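Chemist: First the structure, which I've put down as C-alpha cells, then a few questions once you've had a look.
The values are calculated or read from the model by the stated rules, or taken from the named source; none is laboratory data. Quick caveat: nothing in here was measured; it's all calculated off a predicted structure. Methodologically, a virtual Cβ is constructed for each residue, glycine included, from the backbone with ideal geometry; neighbour enumeration extends over all protein chains shown. Surface accessibility is based on the protein's heavy atoms, side chains included, excluding ligands, DNA and RNA. Shrake-Rupley method; radii C 1.70, N 1.55, O 1.52, S 1.80 Å.
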Amino acid sequence: NNIHFWPFWNAEPDVMGYLGKNASAIESQRNDNPHFTNIFALGYKYGFHFASSAAGITSKFHIANADVDYCGIGLQVHGDGTSGQLVNFSAQGPGTVESSCAIFAEANRVRLQCANVRATNFPANGVRAQGEGTVIMLENVWVENWNQSGAGFPGIEAVSPATIIVGRTRWFENGNGAAEMGGNVVVDR
C-alpha cells in the first residue's frame, strides 16, 4: 500500500535502460488474494507481472489506484489460471518497445475484471489477450494513442480463443490508422 517505485537512486541512461528491459516493479508468482493499493511505478519492463512457479499462481489479486508510467507493459499475466481485479488503473507507455501495452494477458484460463482503465501511448495495443479460455472484462476504458509503432495493432485485441468483453469505451487521439478493436472482442453496451 502507498508505494512509489521511482528510481531516485540512479537515473543514468544505462540503469534506466536495464530497468526498462529487465525489471518488474511488482512480481507475483504464488499468492492468494493479494491487495495492491496506491501504487506508482516508473520505467520498468513490467509495472505488475503475474507469473507462475512450482508452488502455483496468483489468484484473486486486487489492484486499486495504480499508475504505471513509462513501463513496457503495465500489467503482464504469464501464469495460466491467474485471476484478479483492477480498478482505477492508468498506464502510459514508453513509445519504444513494439510489443508493449497497458494490459497483456498471455496465458491460458486467465480471468481479469477491469474498471476505470486508461491506456495511453503504447506502441502496440492498449489491451491484449491471448490464450485458451482467457477472458478480460473491461468497463469504462479510455484508450488513446495506441499503435505508436505503426504496425497495425488494434486498441483492444483478443487473439482467439481468448475473449475480451468491452463495456463503455472512449477513444481519444488516434491509433495511427489502426482499428479500435480487433479479434475476438465482444461489445456489451
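Chemist: Being open to solvent by less than 20 Å² (accessible area, probe 1.4 Å) and within 15 Å of I57 (Cβ to Cβ) is the filter here; which residues of the range 15-33 pass it?
Modeler: S28
Chemist: Identify, please: which residue in the range 44-56 is open to solvent by 40 Å² or more (accessible area, probe 1.4 Å) and of a type outside the set (K, R) and is, among those, nearest to the chain's Cα centre (by Cα)?
Modeler: So in the range 44-56, the residues open to solvent by 40 Å² or more (accessible area, probe 1.4 Å) come out as 45, 52-55.
Of the ones still in play, those that are also of a type outside the set (K, R) are 52-55.
Values: S52: 17, S53: 20, A54: 24, A55: 24 Å.
Here the residue is S52.
Chemist: Moving on. Quick check on D67: is it out of contact with any strand residue (DSSP E or B) (no Cβ under 6 Å at 6 or more places or on another chain), farther than 20 Å from G175 by Cα and of a type in the set (D, E, K, R)? Spell out the reasoning first.
Modeler: Values: out of contact with any strand residue (DSSP E or B) (no Cβ under 6 Å at 6 or more places or on another chain): no; farther than 20 Å from G175 by Cα: yes; of a type in the set (D, E, K, R): yes.
For D67, the condition - out of contact with any strand residue (DSSP E or B) (no Cβ under 6 Å at 6 or more places or on another chain), farther than 20 Å from G175 by Cα and of a type in the set (D, E, K, R) - is not met.
Chemist: Can you name every residue in the range 64-114 that is out of contact with any Phe, Trp or Tyr (no Cβ under 6 Å at 6 or more places or on another chain), in a loop (DSSP other than H, G, I, E, B), modelled with pLDDT of 95 or more and open to solvent by less than 60 Å² (accessible area, probe 1.4 Å)?
Modeler: G81, A107, N108, V110
Chemist: Checking E173 against (1) crowded, with 16+ Cβ neighbours inside 10 Å; (2) farther than 23 Å from F61 by Cα, which test does it fail?
Modeler: For E173, the exception is condition (1).
Chemist: Given the residues F172, F122, which is the only one that is at negative phi, of a type outside the set (A, V, I, L, M), under 13 Å from the mean Cα position of the chain (by Cα) and modelled with pLDDT under 95?
Modeler: Values: F172 fails: under 13 Å from the mean Cα position of the chain (by Cα).
Among F172, F122, only F122 is at negative phi, of a type outside the set (A, V, I, L, M), under 13 Å from the mean Cα position of the chain (by Cα) and modelled with pLDDT under 95.
Chemist: Hey, another quick one. State which residue pairs qualify: first residue basic (K, R) and inside the range 46-65, second residue part of a strand (DSSP E or B) and surrounded by fewer than 21 Cβ atoms within 10 Å (Cβ to Cβ) in any location, beta carbons under 8 Å apart, and separation of 6 or more residues or different chains.
Modeler: K60/D32; K60/S83; K60/Q85
Chemist: Continuing with the same structure: Which number in (1) surrounded by fewer than 16 Cβ atoms within 10 Å (Cβ to Cβ); (2) at pLDDT 95 or above; (3) hydrophobic (A, V, I, L, M, F, W, C) marks the one condition that I39 misses?
Modeler: All conditions are met except number (1).
Chemist: Select from the range 1-36 the residues that are touching a strand residue (DSSP E or B) at 6+ places or on another chain (Cβ under 6 Å) and farther than 19 Å from T82 by Cβ and list them in ascending order. Don't jump to the end; show me each part of the working.
Modeler: Here is the first cut: in the range 1-36, the ones touching a strand residue (DSSP E or B) at 6+ places or on another chain (Cβ under 6 Å) are 1-6, 24-32, 34-36.
Result: N1, N2, I3, H4, F5, W6.
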